[in-house]
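The values are calculated or read from the model by the stated rules, or taken from the named source; none is laboratory data. Since this is a predicted model, take the numbers as computed values, not measurements. Reconstructed Cβ throughout: ideal geometry from the backbone, glycine too, with neighbour counts over all protein chains shown.
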Amino acid sequence: MLLVGRAGGPEERLVPEAGFDLETVRIRGLDRDAPWKNLALPYLIPTALRAALGIVDRFKPDVVLGMGGYVMAPAVAAARMRRIPYVLHEKDVRPGLATRYFAAGAAAVCTTLPGTEKQLRARTVLTGVPLRDGFTPRVPDVPPRRVLITGGSQGARRLNEVVWSALGALTHRFEEVIHVAGAQGAQGVAEHTRDRYTGFTFADDMATLMARADLIVSRAGVSTIAEAAAVGLPMVLVPGSFGGGHQGENGLAMVLAGAAVMIPDAELTRLTLLARLDSLDEDKLRSMAKASASLGRRDAAERVLAVLHEVAKS
């Protein structure tokens with residue numbers, strides 16, 4: 001197995017530390033919010049493709065797996081040019097640009113949430129997103145005793161500010177408020193230390209935190225959703241408005257499945273957060289937890305691997 005990543009990215013440290021071989025290419029994504037940053041792409045793309053062709057020619061893979069996003073594009077394009085079968089994995093309900101571009105030639109597209117299959121002209125397989133170990137299913141307490149609030153790996157400034165403004169009411173409603181605020185929330189975490197509030201700037205063991213929680217309030221990133229579903233937690237989702245609003249479609253998929261309720265980011269205030277939490281009666285919470293657990297895919301990595309074996313042998 002060979003991993004191909006972005007030169008200068010965190011994979012340059014993480015992949016060798018995990019004991020895997022790594023090759024890198026110099027590439028960057030299309031920036032829709034700051035178009036002037038795309039001026040270098042006409043140079044970077046052909047350079048990255050030449051590098052990826054060299055990698056593919058040396059390694060001679062039986063199958064290539066593209067995990068979504070622009071970083072996969074050079075290696076997947078090289079595989080297509082060399083007539084090597086490739087499989088894609090799409091995390092979001094709305095497929096990204098790279099997935100849409102390469103889907104037609106893919107042997108299969110592995111998907112994470114219901115709804116993606118309607119947006120692609122390709123064979124799709126609902127596998128879920130591969131997770132780290134430790135996300136164990138459980139039946140959350142009803143009414144919830146502990147709430148986990150997280151803005152994802154980068155934190156969420158608006159969500160943090162609303163949580164701190166509502167902290168007195170939240171600690172009155174819950175035995176413990178567990179809050180992962182991100183690096184940007186370090187000062188706020190320090191300033192709001194109080195009983196029943198456990199604040200972190202970063203947590204590298206979300207499985208342990210979710211094992212303590214009975215309810216999660218979070219952005220609608222796929223990784224957090226998948227982890228919460230693997231545990232079976234009911235969700236209050238506040239999708240971020242960045243990236244073309246793709247998190248909104250992730251959140252809507254969970255709402256339609258009955259596993260979540262949603263608060264649009266523009267409507268998030270102290271009052272709307274508390275009102276939404278108070279609207280979750282015991283029957284609703286039990287129903288959400290059951291729906292969440294039904295969507296959990298703790299064997300997602302094995303499902304993706306099965307697709308790869310099938311394609312490589314065909």
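What the table below lists for this structure:
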{"read-out": "Residue selected from the range 84-123 under the condition in a helix (DSSP H, G or I) and among the hydrophobic types (A, V, I, L, M, F, W, C), by the criterion surrounded by the fewest Cβ atoms within 10 Å (Cβ to Cβ)", "value": "ALA104"}
{"read-out": "Conditions (1) touching a residue at least 40 places away in the same chain (Cβ under 8 Å); (2) on the phi > 0 side of the Ramachandran plot; (3) of a type in the set (Lys, Arg): number failed by ARG83", "value": "(1)"}
{"read-out": "Unique match (being without any contact (Cβ under 8 Å) to a residue 40 or more places away in the chain, crowded, with 22+ Cβ neighbours inside 10 Å and not in a loop (DSSP other than H, G, I, E, B)) among ALA75, ALA52, ALA48", "value": "ALA48"}
{"read-out": "Some residue of the range 136-146 being under 19 Å from VAL222 (Cα atoms) and either modelled with pLDDT under 95 or surrounded by fewer than 18 Cβ atoms within 10 Å (Cβ to Cβ) (or both)", "value": "yes"}
{"read-out": "The lone exception for PHE135 - which of (1) in contact (Cβ under 8 Å) with a residue 40 or more places away in the chain; (2) in contact with a Leu (Cβ under 8 Å, 6 or more places away or on another chain) it fails", "value": "(2)"}
{"read-out": "Tally, over the range 173-195, of residues that are among the charged types (D, E, K, R) and either over 14 Å from VAL147 (Cβ atoms) or surrounded by fewer than 15 Cβ atoms within 10 Å (Cβ to Cβ) (or both)", "value": "4"}
